[in-house]
Every structure is written in C-alpha cells, then in structure tokens.
1. Which of the GluC sites (Glu not before Pro) across the range A:110-210 are loop residues per DSSP, with 16 or fewer other Cβ within 10 Å?
2. Quick check: from the Cα gyration tensor, does the range A:1-150 come out rounded (a/c under 1.5), prolate or oblate?
3. With no solvent and one point per C-alpha, what does the Debye sum give as log10 I(q)/I(0) for the range A:1-65 at q = 0.26 Å⁻¹?
4. For the protein assembly as shown, give the share of DSSP beta bridges that are antiparallel, in percent and rounded to the nearest 5; count only bridges with both residues there.
5. Place a point 7 Å from the Cα of A:Leu97 along the Cα-to-Cβ direction; which residues of the range B:3-22 have their backbone N under 12 Å from it?
6. So what's Rg/Rh here for the protein assembly as shown, counting alpha carbon atoms and using the Kirkwood radius for Rh?
7. Based only on other Cβ atoms within 10 Å, what is the fewest-to-most ordering of A:Glu225, A:Glu90?
8. Compute the FRET efficiency between B:His94 and B:Asp18 as 1/(1 + (r/R0)^6), taking r as their Cβ-Cβ distance and R0 = 25 Å, and round to the nearest 0.05.
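Values in this text are rule-based calculations from the coordinates and carry no lab data. Only a predicted model underlies this, so the values are computations on that prediction, with no experimental measurement involved. Cβ atoms come from the backbone with ideal geometry, glycine included; neighbour counts cover every protein chain shown.
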Amino acid sequence: MAELVAVIASTHHPFYYRASTATGEDRPPFADTWVAKIEKFRETLTRARPDVLVMVGSDHFHQLWLDNMPQFLVGKAPFYDANFYNEEREFGLPRMLLKGHEELSAHVLRQGLDAGFDLAFSNELRIDHSITCPIITLRPEADLPIVPLYTNIFAPPLPQPKRFVQLGRSIREIIESWPANQRVAVIGTGHLSLELGGPRQFGAHGPDPEFDRRAVEWIANGDIEGCLSEVTLDSLHLPGNATHGFMDFMLMMGVAGEGAKADHVDTLDLFHTMEAYFTWYPKGVPA
Amino acid sequence: MSKYLVNKFLYTIDRDPDLVERYRADPRGTVGWWESERANTLLNCVSGEASTWLRLDDAEREALADHDYPKLFELGAHPFLTLTLFIAMFERDHDGLDYQKEYARRLAHFSLPYPDIAT
C-alpha cells in the first residue's frame, strides 16, 4: 500500500522566484532570510523521499473561468504545462512542464466520488503559480510526477470551510488506500490574511496580523475544531478580501488530522502578507 | 448589471499582451470593439453560438472606458482581475509599490462589507 510520508502546507508567494534569483541592486533586502527559510523548509520534503506529489492549489482565473467553474477539480493528464503569460509578466515566473501521475489521479477521482465528493476532472489542465510556486520552493528539480487538485477559493459561491477539511480527511484515506508501493507527499498552498484589489492592500504587513497569529497557531497545533468554530465564509472577509485562500490551509489540516502538531513551523513577515510553512510526518520524523 | 461580462472583459484583455497595450492606449475604443466583436462569443466555441442577450450596462461601459477602477470595485467587478490588469498597464509608470499603494488609497472610502463580487 502507498505511504503518506509528508503533509506540507505553505503560502505561495509568486515573488519568491524573482527575489531569490535577483542579484546586485535588484536583490531585495529580505531575500537572503527568505531563501534560508525556504531551504530549511525544502529539506523537510527531501528527507521524506517522496515518489509522487499530490498538489493542492487554486487557479487564479488562468485556466478556469466563470463559464464553467468547478468547486474541486482533479487533473488527470500525463503532463502539465505550467505558468501563463500574465504570470511571466507580473512575477517573472518561468514556463514549466511537470509530469502527471494518471494512475493516482484515477484513484483519487474514483475514490473521491465514492466518498461523496462530486469531483470535476480535466485531461488538459494547465497549472498556475499556486502549484508551481511550491515546486520552485520545495522541489526545484521538478522531477516528481504530480496529481493537481484545484479548489475554488475566490469565485463565489464557495464551498464551506468544513468541506475543505472533509476533503482533506478523505484525500488522506484515499492515498492510504492506494494499492501501490509508493511514497506520497501532499503539498497544499493557500493564504493567511490577504487583500488584493482593495483598500487594505500592499501595507507594511499582512492586513490582519492578529488573524495570522491565530491561524498559524491553529495550523501548527492541528486545531481543526477551534479553527472551524471561528472561521466562516463571512468571517473570512474581515482579515482581507483574498483571505478565503486560508481554506486550502484548512484542507491541509484535514489531511494532517485533528490534533496533529506540525513537525516544522516557520513564518516570515513580508510586506503585504505573512509567509507560513508547515510540515507534518504522519509516519514519524524520517531518520 | 452584467458583472459577468465586465469580468470577462478584464479576463480576456489580461490574457493577451496586444490587448493589454491596446486597452492602455485606447480604452474607450477597445471597450467598444470588444463589446461589439468579442463579448458574446461563448462556450469557447464558434461565433454561431454567440449569446443573444449579454451586454454591458452604461455604468459598466463607462467605468471600463475611463479606466475607473474605484468604480469597477463599486460595481462588484472581481478585484483580482481588475488589479492584475491595471498593474500590467500602469505599474510601469511608477516606482516600486507606489502604484499598488495609490490604488489602495483611491479605494480608501470603501469599508466592509465590500461590494458583492458574486456573478
């Protein structure tokens, strides 16, 4: 049977690639600290020796549009082209090609449907920075096959927060039921407090440092019930108009499990948002 | 109100480098051309499947033609789409984060709850 060897949740700041590769006067003052934190974070995946990555992200109106918007979608393609013109333009992200894992995609779809999730699927998904950013930070070799899972976190109506947690729990069961001798890591990215296109954007810190502090505590402690008792679709507008991406963190808490304390917790307070990095080892910390 | 069509304008312009420049240089002309030639081609399909009913209303058309992003915010356009496209057009005229900060300042009269962005 497959083994779930690491559960990883992080923010996906699209400027990391540019900041970490910049030199001379172009290199921002926070770049070295950021790179050091990312390299430490990357090691938490490397030491788990995964064979395949299940990657949870959210399309930013690059591939998916309002004519036919799925709430949860699984990619089932042999390869995934990645990053779009407007991500190159805005963030300097490179075009990428990632290998898919169709067998695991098929397993997730079949078992997910049977578990009560009416999952959409795509045989021609092209993926964006919600998935390429964690590849760049955690697996820059981009050498492992992936199964992308997209959630809708910004085209209302959105699924309820508890649904993200439930899907996370099911994803874990589905992976652990996969009859393959493979080591699987689940990597998901979301946001803490964030405002985009609104009056609170691009401040010196994230728009709601107090929400960020509590969110990091919920995630680090696996406090799913505490989180669910305070977070609603309505309440997520308060810390910033793009904070619904926090529900992807909630999905990852579902994968990690109630009360599961993260084995690696780190944060970085950047302009306009707080970066946060978490790793759990369901089978214990690798030697 | 046709928030859907406003968002589709922002979305289709933002994906095409030539249209980004065209909208920057000639916003009113680009909106007029897009509404008459492009707006109603639906279903990622042939022109024979165009919508017979979707159109911008006057306030939406004017907001797009005036590059009036506070008005687009008020009308409930998706802020991610508006911000991304306007950064592409105008960040180049400013230093660092100055454009994004000015954008926030021009929206400072809005408080929660923000206009509904559901389409």
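1. On the way: sites: A:Glu124, A:Glu141, A:Glu173, A:Glu176, A:Glu195, A:Glu210; in loops: A:Glu124, A:Glu141, A:Glu195.
Qualifying residues, ordered by number: A:Glu124, A:Glu141.
2. On the way: a/c = 2.33, a/b = 1.44, b/c = 1.61.
Cα axes put the range A:1-150 in the oblate bin.
3. Taking Cα atoms of the range A:1-65 as identical point scatterers yields -1.13.
4. Working: 18 of 41 bridges.
The antiparallel proportion sits near 45 percent.
5. Flagged as within label range: none.
6. Values: Rg = 20.9 Å, Rh = 21.8 Å.
Rg divided by Rh gives 0.96.
7. Values: A:Glu225 12, A:Glu90 18.
In increasing order of surrounding Cβ atoms, one gets A:Glu225, A:Glu90.
8. Details: r = 23 Å, r/R0 = 0.91.
That pair, B:His94 with B:Asp18, gives E of 0.65.
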